[in-house]
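Only one structure is covered here, and it is reproduced in the block below.
The values are calculated or read from the model by the stated rules, or taken from the named source; none is laboratory data. This structure is a prediction, so every number in the text was calculated from the model and none was measured. Methodologically, a virtual Cβ is constructed for each residue, glycine included, from the backbone with ideal geometry; neighbour enumeration extends over all protein chains shown. Each accessible area value is taken on the protein alone, full model and side chains, heavy atoms only, with ligands, DNA and RNA left out. Shrake-Rupley method; radii C 1.70, N 1.55, O 1.52, S 1.80 Å.
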Amino acid sequence: MTDPRRRVPRTDTLLADPRLAAAEQVLGRALVRSVIAEAQQKARAGEIPPEQVADAAVAALPTGATSLRPVINATGVVVHTNLGRAPLSRAAIDAVVTASGATDVEFDLETGRRARRGRGALAALARAVPTAGGVHVVNNNAAALLLAAMTLAPGKEMIVSRGELIEIGDGFRLPALMESTGSRIREVGTTNRTHLRDYADAVGPDTGFVLKVHPSNYSVSGFTSSVPVRELAALDAPLVVDIGSGLLTPHPLLPDEPDATTMLRDGADLVTASGDKLLGGPQAGLLFGTEDLIERLRRHPAARALRVDKLTLAALEATLTGPPPPVAQALSVDVESLRVRAGRLASLLPDAKAVDCTAAVGGGGAPDVELPSAAVSLPEAYAAPLRVGNPSVVGRLENGRCLLDLRTVAPEDDGKLVEAVRACSS
Ligand SMILES: *Cc1c(COP(=O)(O)O)cnc(C)c1O
């Protein structure tokens, strides 16, 4: 008898398999070769018979030429930073696909001349925030703050309350970020209380601007006091407000989250925000302000290094003009419909029961807001296989159970969720 290892098909033979040849057209040769090599290795190790190498390779092919895997976010955290923050709406995804080839992002098709880059997205932003004299878009909110510091406070001070010197995540601290431009932070007040006179005493010839930062990911409670934007606006210095979450107008469910329209009406000269938190769009930094200030930001030499890509502009415009994106839907869906879905899904699955639970807004803001929700509750042992399944499902561990919180799962993904759980229980 020949050694079965000698019967493992050669790479050339496998690459000629029509299924693997088709995959090579989509995924590229290197990726298909690495999948083939793994299948051959399994056969050499005796884990599969040599005749099954081609099938094993086909089964192991990734769905696309990216190592990023699609995930069903069943964590109940609406804006989950580690899962890429806001999922795009169908309209935004279609817009990205439309813009992905050659496109008129910076070209006027009527005249055949250069045109304002991303004018459709900018016009949509301006319509959404009528109190803004001008709008601008950069890579993210951190970039928006950098641009503000570089434009308004070169060699000068930025006055910030000690209660607002925040760390945004992954070890990045806002004060260090802004001081990397060469501007200096001038801290005023104390951690829990800062008064108008603290700011007023600090304003002087060295002042670039006063910065107010919204505490998106924490709250200070007890004996506290901070100065509202309306009062800060009366100081003799430009006022920049970082609202973080990206609400453009007030949200009825999130009364403590500031919004761009109101902040400008209250007297802010410049408002900065993220595009991929509560707005529910692509990663972007949104800037709203007076017309001349926005023009100065746009003209700063570093603005070019912070600009966004055509795909971002396309997704942003579609998020603003299209139907409510998934983040908005997850926030507004009523708990009764979630309970109905949880009951139905649990009835289709072994080991599952429907439970009430509490979801959260997450990295996007509103740290104190609890969102009533419903989940499919499974034994904890499901968590790991669900994560590495296809599609991957990430739930939340709570009291020794794996909860699949439906507030963050689009109803159209319920079928996939059932299949993913069944694949783990068989
Ligand atoms: C999230 C956040 C940031 C950082 O925004 P990115 O878009 O991630 O750069 C800055 N400030 C506040 C208040 C935030 O909430």
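Taking 37 °C and 0.692 mPa s as conditions, the chain diffuses translationally at an estimated 134 µm²/s according to Stokes-Einstein applied to its Kirkwood radius (Cα pairs). For the stretch 90-323, the antiparallel share of DSSP beta bridges with both residues in that region comes to about 45%. Ligands, DNA and RNA left out, the 1.4 Å accessible surface of the stretch 90-323 is 51% carbon and sulfur atoms.
Computed extension length for Arg304-Arg193: 36.1 nm, one decimal, from 0.36 nm per residue of separation with the Cα-Cα distance subtracted.
Dipole of the stretch 90-323 computed with +1 at Lys/Arg Cβ and -1 at Asp/Glu Cβ about the Cα centre; of Gly155, Gln283, Ala121, farthest Cα towards the positive end is Ala121. D by Stokes-Einstein for the stretch 221-282, Kirkwood Rh over Cα pairs, 20 °C, 1.002 mPa s: 172 µm²/s.
For the stretch 90-323, what is the Kirkwood hydrodynamic radius in Å, using each pair of distinct C-alpha atoms?
After inverting the pairwise mean of 1/r, the radius is 18.2 Å.
As a length-normalised measure over Cα pairs under 8 Å and 6 or more apart, the relative contact order of the stretch 4-60 settles at 46 percent. Within the chain, the longest segment free of exposed loop sites, counting GluC sites (Glu not before Pro) that fall outside DSSP classes H, G, I, E and B and have at most 12 other Cβ atoms within 10 Å, spans 111-426. Evaluating 6.51 cos²θ - 1.76 cosθ + 1.60 at θ = phi - 60° for every residue in the stretch 140-153, the Karplus couplings come out as 6, 5, 4, 5, 4, 5, 4, 5, 5, 5, 5, 7, 9, 9 Hz, glycine and proline recorded as x. Listed by chain and number, the lysines whose alpha-carbon sits under 18 Å from that of Lys212, ignoring those within fewer than 8 places in the same chain, are Lys156. Among Val340, Val58, Val135, the largest mean-square fluctuation in a Gaussian network model of the chain, built with springs joining Cα atoms closer than 10 Å, belongs to Val58. DSSP finds beta bridges in the chain, and of those with both partners inside it, around 55 percent are antiparallel. Charged side chains reduced to their Cβ positions (Lys and Arg at +1, Asp and Glu at -1) give the chain a dipole of some 1080 debye around its Cα centre.
Just how large is the dipole of the stretch 80-169 about the Cα centre, in debye to the nearest 20, putting +1 at every Lys and Arg Cβ and -1 at every Asp and Glu Cβ?
The dipole magnitude comes to about 100 debye.
Springs between Cα atoms under 10 Å define the GNM used for the chain, and in it the highest mean-square fluctuation of Gly275, Gly76, Gly189 occurs at Gly189. Taken per residue, the accessible surface of the stretch 121-257 reaches 44 Å², heavy atoms only and a 1.4 Å probe.
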